[in-house]
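S.K.: Dumping the structure here so I can ask a few things about it.
Throughout, read-outs are computed from the coordinates displayed, never taken from laboratory work. Keep in mind the model is a prediction, meaning the values are calculated, not measured. Neighbour counts run over all protein chains shown; Cβ positions are idealised from the backbone, glycine included.
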Amino acid sequence: MTIPRVGILSPGDMGHVVARVLKDHGLTVVTCLKDRSNRTKALTQKVGIRMVPDYKQLVTEADMILSILVPAQATNAANTVFNALRSTDRKIIYVDCNAISPSTVKSIENTITKAGSTFIDAGIIGPPPLKQGTTIFYASGSAAHQFKILDKYGLNIRLIGTQTGQASGFKMTYAALTKGTMAIAIELLIAAKRMNIYHPLINELKHSQPERYLSIKKGLPFMPPKANRWIGEMEEIANTFENIGLTPKIFLGAADIYRFVGESELAKETPENMDNNRTFDTVINLLSQHKK
């Protein structure tokens, strides 16, 4: 495969950093910001991604499109690209990197392949790739090897199977542990605060669950601005498990917790303006005072 020109949908928290890595390694990176937020536009300008006015031009200029969006937008993005492809007769590689269930991924695959293009299932594990080695793209499908070319341009890509749905399923199970247990931690810590047993609980966690306590303490203060994005992810995990005969209720409950956090004042912040010095205890105190 020749050196690809890459389109990014969309250059948000994760997408703009991915775009910067590819751009810094010499690739042409383009995006379309039609109907995107002012913040996304600012992030795009910050890393110098070239903007095109519409999706028809995006699919004309990009050989490969990486879809990196909130789960609720994944299907609409694929439909938009489908319409653009049909209007241009272009054939591209479409890599869905969203936190969505295998069934949602397979539906998107049907959309993209109807336009004669190639589809690859991918899941991102880790934070935005600000440092080499912190972020891994797991990919699956018969054409996944075509995505792996981006290994040469700063991404860390691992192939885990030839079937569409394996990479997205991997992402769902991993996030079920990391973000699912964070939701449990949030609820029980708020409960302890409201029952006036918070400090005894914290002391016991420090004593008998030190690694778990430190993990929660490290991650929780930076979680509220992400809460609204994680609602859809928990719902996609619920859908994944229900489709294979397991209860979806645990993760529908986790979605409710993130919905609760997402309605708080803390969730209105962004990574650019949040208080990075706010302590773990302060976050729990503020959330315990929040009412549905």
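S.K.: Compute the long axis of helix 249-262 from its Cα atoms, compare it with the longest principal axis of the Cα atoms of the chain, and write down the angle in degrees, 0 to 90, nearest 10.
M.R.: Relative to the chain, helix 249-262 is tipped by roughly 80 degrees.
S.K.: List LYS41, LYS56 from most exposed to least, where exposure is judged by having the fewest other Cβ atoms within 10 Å.
M.R.: So the residues, fewest neighbours to most, are LYS41, LYS56.
S.K.: Something else about it: Please say if region 150-264 is rounded, prolate or oblate, where rounded means a/c under 1.5 for a ≥ b ≥ c the square roots of the C-alpha gyration tensor eigenvalues, and otherwise the choice is prolate for a/b larger than b/c and oblate otherwise?
M.R.: Cα axes put region 150-264 in the prolate bin.
S.K.: Could I ask something else about it? Work through the residues other than ARG86 whose Cβ is under 13 Å from its Cβ and net out their charges, Lys, Arg +1 and Asp, Glu -1.
M.R.: +3
S.K.: Right, something else. Return the whole-Å distance between the Cα centroid of region 1-48 and the Cα centroid of region 101-144.
M.R.: 17
S.K.: Using the alpha-carbon centroid of each, what span in Å lies between region 61-89 and region 149-196?
M.R.: 24
S.K.: For a quick check, take a GNM of the chain with Cα springs below 10 Å and name the residue from THR164, THR240, THR178 with the largest mean-square fluctuation.
M.R.: THR178
S.K.: How much net charge surrounds ARG212 when only the other residues with a Cβ under 14 Å from the Cβ of ARG212 are counted, with Lys and Arg +1 and Asp and Glu -1?
M.R.: My count for the surroundings of ARG212 gives +1.
S.K.: Please label the shape of region 209-272 as rounded, prolate or oblate, based on the square roots a ≥ b ≥ c of the eigenvalues of the alpha-carbon gyration tensor (a/c under 1.5 means rounded; beyond that, a/b larger than b/c means prolate, else oblate).
M.R.: The shape class here is oblate.
S.K.: Here's something else I'd like to know. To the nearest 10 degrees, how steeply does helix 102-114 sit against the main Cα axis of the chain, on a 0 to 90 scale?
M.R.: The answer is roughly 20 degrees.
S.K.: Express in nm, to one decimal, how much length is gained between ALA72 and GLN209 on full extension, taking 0.36 nm for each residue of separation and deducting their alpha carbon distance.
M.R.: Result for the pair: 45.8 nm of gain on full extension.
S.K.: Quick one: of LYS179/LYS291; LYS106/LYS291; LYS41/LYS217, which pairs are farther than 29 Å apart, Cα to Cα?
M.R.: Distance filter (> 29 Å) returns LYS106/LYS291; LYS41/LYS217.
S.K.: State the extension gain, in nm to one decimal, for the chain segment bounded by THR173 and THR2, taking 0.36 nm per residue of separation less the distance between their alpha-carbons.
M.R.: Gain on extension, THR173 to THR2, equals 58.2 nm.
S.K.: Also: Filter the cross-link list LYS148/LYS171; LYS46/LYS218; LYS34/LYS226 down to pairs whose alpha-carbon distance in this structure exceeds 20 Å.
M.R.: Too far apart for the 20 Å limit: LYS46/LYS218; LYS34/LYS226.
S.K.: While we're on this one: Is the C-alpha gyration tensor of the chain telling us rounded, prolate or oblate? Criteria: a/c under 1.5 is rounded; beyond that, a/b larger than b/c is prolate, otherwise oblate.
M.R.: Prolate, because a/c is 1.5 or more and a/b exceeds b/c.
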